Amino acid sequence: MIPLLGEEEAQAAADAVRSGWVAQGPRVAQFEREFSARVGADHGVAVSSCTTALHLALVVLEIGPGDEVIVPSLSFIATANVVRHVGATPVFADVDLATGNLTVDTVDAVRTPRTRAVIAVHQGGVPFDVAALRKAADGWNVALVEDAACAAGSTAYGQPVGAGATIAAWSFHPRKVITTGEGGMLTTDNADWARRLRRLREHGMNVSAADRHASAQPVLESYLETAYNYRMTDIQAAVGLVQLGRLAGLVTQRRARAERYRALLADLRGVAPVRDPAHGQSNVQSFWVLLGPEYGTSRDEALAELAAQGVSARRGIMAAHLEPAYADLPSAPLPVTEQLTRDSLILPLHHALTDADQDHIVAVLRRLAGR
């Protein structure tokens, strides 16, 4: 991944610096309004990362010790970590082979009376079946948190991912389609949650620093609860506003590149590229391919040869339950998760990728077939 950062972003950041307001302020508020409108939510709350967004989502849901939260193991480790941050227990569920996402059946297989929430990931930008999982969660009386870290610009059932979500968390890390360097966002239609989330990100203060400084009279703030410093800066938000304007074009470009990969790989046995599910379209934040036994070369051997030929590919999505940090946590069998993390790799896909680059990458994969 190479983020698209140009003169407009540099100018926006410089303007924020020259304004004298570089901490959380008016540009953050504007970014919240514009991003939440773009994803179809009533409220946006900008924070320092998607990890802090997920943490605050569990805090506002009042998840804590004694509770279980179902998560996919097939995700960046932060998805599981935030459950431990609130003192709850993560429970790993398996995923669908084609999409890498949780399903109603995989969640139900590990659900217990202690299950209070599910964190479902739109993995690599591929939308999970929001209609099915939201309906099931309502029936189970379980909160559904949408980890939309990778999904800005993806759609489900004709709507932006995030529309209709109880609460969704977003990432603006440089590996995402749009970036603020580091940074995240929470979106929700719940006004009470949004007000509390704004307090929680700013030490629990009952009035923000921006509002205090805007007042003509001294404001004596109160601290209503033990909270956190999870703020985004106006410099980051200034970059984010420019990036948000690029989102539609970037998604169109990425989807075209993904289609070209699929056409080039169509006749290569044992190579299954990720595709859109029937219920939505991906922003193709990650373009992964699953290598089957017919391919004849292992994933790790393919990665090594791609690197030797100047191709910066990477392993497929990690499995948290296989990491040392979770060695003490028992889990149900996760055969699909283990297949995907063992046998898939992510191919380069970014704005600077050319036809010649793609031809070279696919040529390397062809030479490896049947070894």
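What the table below lists for this structure:
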read-out: Single condition residue 59 does not satisfy, out of (1) in a helix (DSSP H, G or I); (2) open to solvent by less than 10 Å² (accessible area, probe 1.4 Å); (3) not small (Gly, Ala, Ser); value: (2)
read-out: Selection within segment 207-249 - without any contact (Cβ under 8 Å) to a residue 60 or more places away in the chain and either among the charged types (D, E, K, R) or touching a helix residue (DSSP H, G or I) at 6+ places or on another chain (Cβ under 7 Å) (or both); value: 211, 212, 219, 221, 224, 225, 227
read-out: Flag for residue 146 being open to solvent by 10 Å² or more (accessible area, probe 1.4 Å), touching a strand residue (DSSP E or B) at 6+ places or on another chain (Cβ under 8 Å), under 25 Å from residue 338 (Cα atoms) and not aliphatic (A, V, I, L, M); value: no
read-out: Residue match in segment 88-102 (condition: in a helix (DSSP H, G or I) and either free of Cβ contacts under 8 Å to residues at least 60 places away in the same chain or within 30 Å of residue 323 (Cβ to Cβ) (or both)); value: no
read-out: In segment 62-84, residue most open to solvent (accessible area, probe 1.4 Å) [restricted to those that are in contact with a helix residue (DSSP H, G or I) (Cβ under 6 Å, 6 or more places away or on another chain) and either in a loop (DSSP other than H, G, I, E, B) or closer than 18 Å to residue 167 by Cα (or both)]; value: 77
read-out: Residue pairs meeting the criteria (Cβ under 9 Å; at least 6 apart or on separate chains; first closer than 14 Å to residue 366 by Cα and in contact (Cβ under 8 Å) with a residue 24 or more places away in the chain, in segment 268-280; second open to solvent by 30 Å² or more (accessible area, probe 1.4 Å) and assigned to a loop (DSSP other than H, G, I, E, B)); value: 268/369; 269/296; 269/369; 269/370; 270/296; 270/369; 270/370; 271/369
read-out: Segment 8-37, residues that are of a type in the set (S, T, N, Q) and within 22 Å of residue 197 (Cβ to Cβ); value: 24, 30, 36
read-out: Number of positions in segment 198-247 that are closer than 29 Å to residue 178 by Cα, surrounded by 14 or more Cβ atoms within 10 Å (Cβ to Cβ) and of a type in the set (D, E, K, R); value: 7
read-out: Identity of the residue in segment 330-371, farther than 18 Å from residue 308 by Cβ and without any contact (Cβ under 8 Å) to a residue 60 or more places away in the chain, that ends up farthest from the chain's Cα centre (by Cα); value: 356
read-out: Qualifying residue in segment 104-111 (condition: out of contact with any Cys (no Cβ under 8 Å at 6 or more places or on another chain), open to solvent by 10 Å² or more (accessible area, probe 1.4 Å) and more than 30 Å from residue 291 (Cα to Cα)); value: yes
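The values are calculated or read from the model by the stated rules, or taken from the named source; none is laboratory data. None of these values were measured; they are calculated from a predicted model. Backbone-built Cβ (ideal geometry, glycine too); neighbour counts: all protein chains shown. SASA here: full protein model, heavy atoms, side chains in, ligands and nucleic acids out. Shrake-Rupley method; radii C 1.70, N 1.55, O 1.52, S 1.80 Å.
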